[in-house]
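Trainee: If you scroll down you'll find the structure; I have some questions about it.
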Amino acid sequence: MNNYKMFILIFIEVGSFMLIWNTFNKKYEKRLCKSILIILFTSLVFLATNYIYMPIQFFINYSFLLLAIKFMFKKNIKDLLFEFGLVIVIFGIMQLAIIIVFRLFIPSFMVKNNFVYSLIANFICIFLSYFIYKYIPYGKLIIFLKQKSSKICFFSVNLLIYVIISKWIWDFKRHEFLGDIIIYLIIPLVFIIANLFLFEYQMKNNEIKRSLENYKKYAPVISQLLQDVRRRQHDFKNHLNTVYSLVIVSDEKNLKETIIQYIDSLDASLGNMEKILQIDNTVVAAIIYNKMNEAVKNNIEFKYIIEGDCKLPFKNYELSEVLNNLLDNAFDAVLNSKNNLKKIFLNIGHLEENCIIKIGNTGKRIEFNDIAKIFNAGYSTKEGKDRGYGLYNVKRIVEYYGARIQLSFENNYTVFSIKLYN
């Protein structure tokens, strides 16, 4: 096959690859012009290295393509490697499927470097790539990738190794590959199924581990809450004796007013405890009780409203991470503020038909320049190491459930709102 024909095949193949890659990157402007330049120069490199030893050729070609995308689109290297590996896997499986289907009808298909057969296969490949690019919704795809990134990465790495090995066998031992093509199809299927079970087992173990950690964290708080209830029950007899004594010692004119004042003060003391005990979710109750005690120690006004019929989708350890990170930030903001008005609120309720979590504080407002960065991993307005992951983790958990977190300023409050769609 001459260089002219080889260039046409390579150009179409690299074009198919870039179409799939652009499916994940529709947000970039001028991506068509940039992609065409990448396809053109990469095709020339592929052609120039066509006679080099295959493993070296593969490394040079795809390294050039990776660096070209990095240079043209200024992509974060971590995201680029993830997308690049995923596209290679999709592209490799698509090529394998085309070969298998055609082999069923044309036994001699792709046995030799036949230009016509290769051209047909590449045109089908670019058509399928265009279909993926055109009809897979970008927004839903990005949400899906964020939600399932750990699973996709796990399978992509494993399948990438398989695709590279298959590519090597295809270039060096095509006859053996085509003769045992069904085996090459069965192997990845078995591999994927086995990995699914292994991954599911690992995920369950991780969830159990995190649930146990969450239980250990809040077991002392729940124990303290129960002790507080028992202590108040024990003190109830003393309160009855006090009321009885008030009846004895108070004059008849002031008796009613004195008893009402005492009961009002008693009711205020018991009211918060009763409200906490009425909260259905144990984790929410434990967090609120913990923060109530912290608020009392630091002279902070902490109020909360919890609607019991609002079902939150989070697992207990996720709910703990979300509420604690947001409340910890609220307490830090109030304690480090020069504002004498130290107030924090937590509301879990409904907005229209959706559940919403709102946490607000009267601490120092977030600077305008920091607003766009506060949800980035490692970014923090506070000094010290290992900071800047609280809000990032909250955003990651929230977006996993298809929800969103927003920052707003309402009256004198800095408010974080999480809207959970039904």
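Trainee: Can you spot a residue in segment 24-31 that is surrounded by 15 or more Cβ atoms within 10 Å (Cβ to Cβ), in the same structural domain as TYR135 (by TED's automatic domain parsing) and either in contact with an Asp or Glu (Cβ under 8 Å, 6 or more places away or on another chain) or modelled with pLDDT of 90 or more (or both)?
Mentor: Yes, the conditions are met somewhere in segment 24-31.
Trainee: For the structure I just gave you, tell me whether ILE88 is at pLDDT 75 or above and touching a helix residue (DSSP H, G or I) at 6+ places or on another chain (Cβ under 8 Å).
Mentor: When the stated conditions are applied, ILE88 passes them.
Trainee: What are the pairs, 6+ residues apart or on separate chains, where a residue within segment 1-15 that is surrounded by fewer than 17 Cβ atoms within 10 Å (Cβ to Cβ) has its Cβ under 7 Å from a residue that is outside any loop (DSSP other than H, G, I, E, B)?
Mentor: Listed pairs, sorted by first residue: MET1/PHE115; ASN3/LEU47; LYS5/PHE115; PHE7/SER43; PHE7/LEU47.
Trainee: Okay, next question. Which of (1) modelled with pLDDT under 80; (2) more than 30 Å from ASN376 (Cα to Cα); (3) acidic (Asp, Glu) is the odd one out, the single condition GLU13 does not satisfy?
Mentor: Unmet for GLU13, out of (1) modelled with pLDDT under 80; (2) more than 30 Å from ASN376 (Cα to Cα); (3) acidic (Asp, Glu): (1).
Trainee: Separate question: Among the residues of segment 1-41, which ones are polar (S, T, N, Q) and either touching a Ser or Thr at 6+ places or on another chain (Cβ under 9 Å) or closer than 20 Å to PHE115 by Cα (or both)?
Mentor: ASN2, ASN3, SER16, ASN22, THR23
Trainee: Taking segment 298-331 only, how many residues are basic (Lys, Arg) and under 29 Å from LYS364 (Cα atoms)?
Mentor: 1
Trainee: Count, please, the residues in segment 288-333 that happen to be of a type in the set (A, V, I, L, M) and either at pLDDT below 85 or over 22 Å from TYR389 (Cα atoms) (or both).
Mentor: So the answer is 8.
Trainee: Being of a type outside the set (Lys, Arg), modelled with pLDDT under 75 and assigned to a loop (DSSP other than H, G, I, E, B) narrows it down to one of ASN340, ASN422, so name that one.
Mentor: ASN422
Trainee: Would you point out which residue out of LEU141, LEU104, LEU66 is under 27 Å from the mean Cα position of the chain (by Cα) and either at pLDDT below 80 or not in a helix (DSSP H, G or I) (or both)? I'd like the intermediate steps shown before the answer.
Mentor: Details: LEU104 fails: under 27 Å from the mean Cα position of the chain (by Cα); LEU66 fails: either at pLDDT below 80 or not in a helix (DSSP H, G or I) (or both).
Answer to the check: LEU141.
The values are calculated or read from the model by the stated rules, or taken from the named source; none is laboratory data. Every value quoted in this text rests on a predicted model; they were computed, and no experiment measured them. Cβ atoms come from the backbone with ideal geometry, glycine included; neighbour counts cover every protein chain shown.
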